[in-house]
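Values in this text are rule-based calculations from the coordinates and carry no lab data. Everything quoted here is computed from the prediction, not taken from an experiment. Cβ placement follows ideal geometry from the backbone for every residue including glycine, while neighbour counts extend to all protein chains displayed.
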Amino acid sequence: MTRAIEKKIEQLREEIEKHSYAYHVLDDPLIPDVEYDALFRALQQLEFDHPGLVTAASPTQRIGAKPSDAFPPAEHTDPMLSLGNVFDAAELEAFETRIRDRLGEDQEIEYTAEPKIDGLAVSLVYENGVLVRGATRGDGFTGEDITENIRTIRSVPLRLQKHRDMPERLEVRGEVFMPKKGFEEINVHARKEGKKAFVNPRNAAAGALRRLDPRETAGYPLDAFFYNATGIAKQTLIRTQFGVLQYLKKMGFKICAEAQQVSGCQGCLQYYGAILDKRAALGYELDGVVYKVNDLDLQEVLGMVSRAPRWAVAHKFPAQEAATRVADIRFQVGRTGALTPVAKLEPVFVGGATVSNATLHNMDEVNRKDVRIGDRVIIRRAGDVIPEVVKTIPDSGTGRGDPIQAPKRCPECNSEVVRIEGEALIRCSGGLYCPAQRKGVIRHFASRKAMDIEGLGTKLVDQLVDKGLVSSVKDLFHLDKEDLVELEFMGELSATNLLDAIKKSKHTTLARFIYALGIREVGEATAASLADQFRDLEPLQQADYEALQEVPDVGPVIAENITAFFRQAHNREILSELKNAGLVWEVKPKPDEQDNPLAGKTFVLTGRLEKFSRAEAALQLKALGAKVTGSVSRKTTAVIAGEDPGSKVDKARSLGVKVLAEEDLLALLQPDP
Ligand code: IVH
């Protein structure tokens, strides 16, 4: 293992040295900067994961990258979040739709759009107007205390400008970066001195900011833009992100002059296009733009999910792409039997990793792109997204294979492949007879968000199924040590650990268990709603089509999937065997009706309210136990309509759903004692 890693690190160093020489000595780079950067980051990552393998001669050590324990830790009282990404208009629209649905908003959303500066996130704390701490983001919860280095940045105020809105403690966040001009100058200088130049302004800023000696940091042309003041809405009258920027400016911070208020997806896209056109003329590097819901109250309502705000998103500039050749095209069978065409590639380094598989999504895509074995293709690996084939590159035409045909039989179990009317997918009809589907089901059951059986990964599941030790999830609970130690890579200790993990997983929650069943289209959130509504498995199993649709997010399709799942005798059998094996979940009592007078009621807000914003109204309704959703259905208790309501009122009337006015809402919120 370590040998392989050592080899990989050595390869990367040689590769990086070669390109570095070409770039800095010969002034004749062999690869684009982004590719060099990707190599460098891959090396940094490997060295970070295996600190024992770092050597003084490693190219990463030249820029003075220090292990993170070089600085004292700095805790962030509010975690420093990261951002979700979108790459095109459709994804941006989906982002906005999610927001609107959540807010019950049918008008356009206002945003503040800002460049996504390619630098390092920092947090600065001011007490009584004086800078007392500067920190890096670190893992979001704990960063490095780099106060002395931050103090060397000329544009960072050491004291705030006197202002009546100055809180006792102010935390601001922003991005430290190296302007392109300064970056070029130090690189010219470095080259003259025979020193290594920085790969890009971001690396330069990172290296400069994390010098152990602040006097060295002071020698670099660093700058910073600020975009956030943590918790400011609670202390001042500022109500928008754009207002936050103006406030920061008044306090003496530098803000990015390109920030703008825009309206709806259209506004965002226009902004994106304009910034992309301007990109080369801007004095700093950026790798995209960020859209933030402008209204801070709405931000609060939207909250965050898995360490990223729901109210902001990064629209990245064109993702990283690379060219390679398709060696083969195979069909991979997922847990629902869907067959996904996957291109096996000549390995290529892109977006920081070597890629040898790329998805072709489905047969429609294969046909549209006319991808064939032997083709040169452009593949894209953007962020954490699964690499995909973007298009084929018209070639001299040699060695092109035949057009790809959808298989008639499942490559795993030879069952017939069916195509469902109106769906792009093709599926293996083998069901749980198909080992690939069985493996998929078991993997899903054991996965982290489901039963969370630690150590039960893909390779192990494959072995368990192939050896006939496990053919359905219930068998997991009857494994014993003798079975396990015979498996490859399985010692006495890991067998014991696995059995412990399986045992531990028996105590779970209803939501996890429902999710673990792998009912089609019942994701984590829906499983949680179902658990909330039915409170135990029995009632869920008995629930009919109508009762299921009472649950928020459950429409006819999911309701049908659920009833179909429980109709199958074989699924019911597995459920009872799981119970016999000792699986238990907490059964939560119904929430106290007295504390939640609006429990079980669902409202939709539309139009302009006079006394408060819709977001506030939603918060107050939720505090009393109500649900607030974005679209009107039969499940809606009532639509609350303010001034100029939209089509939701018509929809409510057509469905026979009550329409209430703002006075009625006030009455709901302040029930008579
Ligand atoms: S907002 C909501 N605004 O991008 C909190 N981030 O991917 C997220 N960044 O760690 C930060 N320019 O280093 C925000 N105008 C901008 C930004 C920006 C650059 C960086 C920042 C952050 C990362 C998130």
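Under the rule of at least 5 residues apart or a separate chain, name every residue whose amide H is placed under 5 Å from the amide H of Ala229.
Those qualifying (amide H under 5 Å, at least 5 residues apart or on another chain) are Arg173.
Pop a pseudo-label 7 angstrom from the Cα along the beta-carbon direction at both Asn571 and Leu432 and give the gap in nm to one decimal.
For the pair Asn571/Leu432, the computed spacing is 1.1 nm.
In region 176-284, if the dipole is taken from +1 on Lys/Arg beta carbons and -1 on Asp/Glu beta carbons about the Cα centre, which of Pro201, Ala233, Cys256 is farthest to the positive end?
Ala233
Counting pairs of Cα atoms in region 260-338, how many percent are more than 16 Å apart? Numbers along the way, then the final one.
Numbers: 2102 of 3081 pairs.
Summing the P(r) of region 260-338 above 16 Å gives 68 percent of all pairs.
Dividing the alpha-carbon radius of gyration of region 361-466 by 2.2 N^0.38 Å (N being the number of residues), what value is obtained?
Working: Rg = 17.5 Å, N = 106, 2.2 N^0.38 = 12.9 Å.
Relative to the rule-of-thumb radius for its length, region 361-466 sits at 1.35.
Sort by residue number and report every cysteine in the chain with no other cysteine beta carbon within a distance under 4.7 Å.
Cys256, Cys265, Cys268
By what distance, in whole Å, do the Cα atoms of region 400-521 stretch along each of the three principal axes, largest value first?
Principal extents (largest minus smallest coordinate, Cα): 50, 33, 26 Å.
Using +1 at the Cβ of each Lys and Arg and -1 at the Cβ of each Asp and Glu in the chain, identify which of Phe331, Ala38, Met178 lies farthest towards the dipole's positive end.
Selected residue: Met178.
Under a Cβ-only charge scheme (Lys and Arg +1, Asp and Glu -1), can you give me the dipole magnitude of the chain about the Cα centre, in debye to the nearest 20? Mind showing how you got there, number by number?
Numbers: 90 positive and 100 negative charges, 157 e Å.
Roughly 760 debye for the chain.
Put a dot 7 Å past each Cα toward the Cβ at Gln266 and Asn357; how far apart are the dots in nm?
Between Asn357 and Gln266, the label points sit 4.3 nm apart.
Is the shape of region 326-393 best called rounded, prolate or oblate, per the rule: a/c under 1.5 gives rounded, else a/b larger than b/c gives prolate, else oblate, with a ≥ b ≥ c the square roots of the Cα gyration tensor eigenvalues?
Numbers: a/c = 1.68, a/b = 1.20, b/c = 1.40.
Here region 326-393 falls in the oblate category.
Mind computing the radius of gyration and Dmax over the alpha-carbon atoms of the chain? Å is fine for both.
28.5, 83
For region 89-234, what are Rg and Dmax over the alpha carbons, in angstrom?
18.7, 61
Ranking request for peptides 510-517, 541-548, 260-267, 148-155: highest mean number of other beta-carbon atoms within 10 Å first, then the rest in descending order. Please report the intermediate quantities before stating the final value.
Numbers: 510-517: 22.2, 541-548: 14.2, 260-267: 16.6, 148-155: 18.4.
Ranked by mean Cβ neighbours within 10 Å, highest first: 510-517, 148-155, 260-267, 541-548.
Considering amide H positions built from the backbone, and no H for Pro or chain starts, which residues 5 or more places from Thr142, or on another chain, come under 5 Å of its amide H?
Those lying under 5 Å, H to H, from Thr142 are His76.
Among the GluC sites (Glu not before Pro) in region 69-136, which ones are in a DSSP loop with at most 16 other Cβ atoms within 10 Å of the Cβ? Mind listing them? Each step should come with its number before you reach the end.
Details: sites: Glu75, Glu91, Glu93, Glu96, Glu105, Glu108, Glu110, Glu127; in loops: Glu105, Glu108.
Here the sparse-neighbourhood loop sites are Glu108.
Could you list which residues have their amide H under 5 Å from that of Gln332, counting only those 5 or more apart in sequence or on another chain, with H placed in the peptide plane?
Thr340, Val342
Cβ neighbours within 10 Å, averaged per peptide: list 560-572, 218-230 in order, most packed at the top. Kindly include the intermediate steps, with their values, before the conclusion.
Numbers: 560-572: 14.4, 218-230: 20.6.
By packing density, highest mean first, the sequence is 218-230, 560-572.
Go through 531-537, 612-618 and give me the packing order, highest mean Cβ count within 10 Å leading.
Per-residue mean Cβ counts within 10 Å order the peptides as 612-618, 531-537.
Let me know the shape class of region 219-319, please: from the alpha-carbon gyration tensor, a ≥ b ≥ c as square roots of the eigenvalues, rounded when a/c is under 1.5, otherwise prolate if a/b is greater than b/c, or oblate.
Values: a/c = 1.73, a/b = 1.18, b/c = 1.46.
Oblate, because a/c is 1.5 or more while a/b does not exceed b/c.
Principal axes first, then extents: for the Cα atoms of region 450-553, list largest minus smallest coordinate on each axis, whole Å, largest first.
49, 23, 20
Tell me, what is the percent relative contact order of region 423-475, built from C-alpha pairs under 8 Å that lie six or more residues apart? Could you put the intermediate results ahead of the total?
On the way: 34 pairs, mean separation 15.9, N = 53.
Result for region 423-475 is 30 percent.
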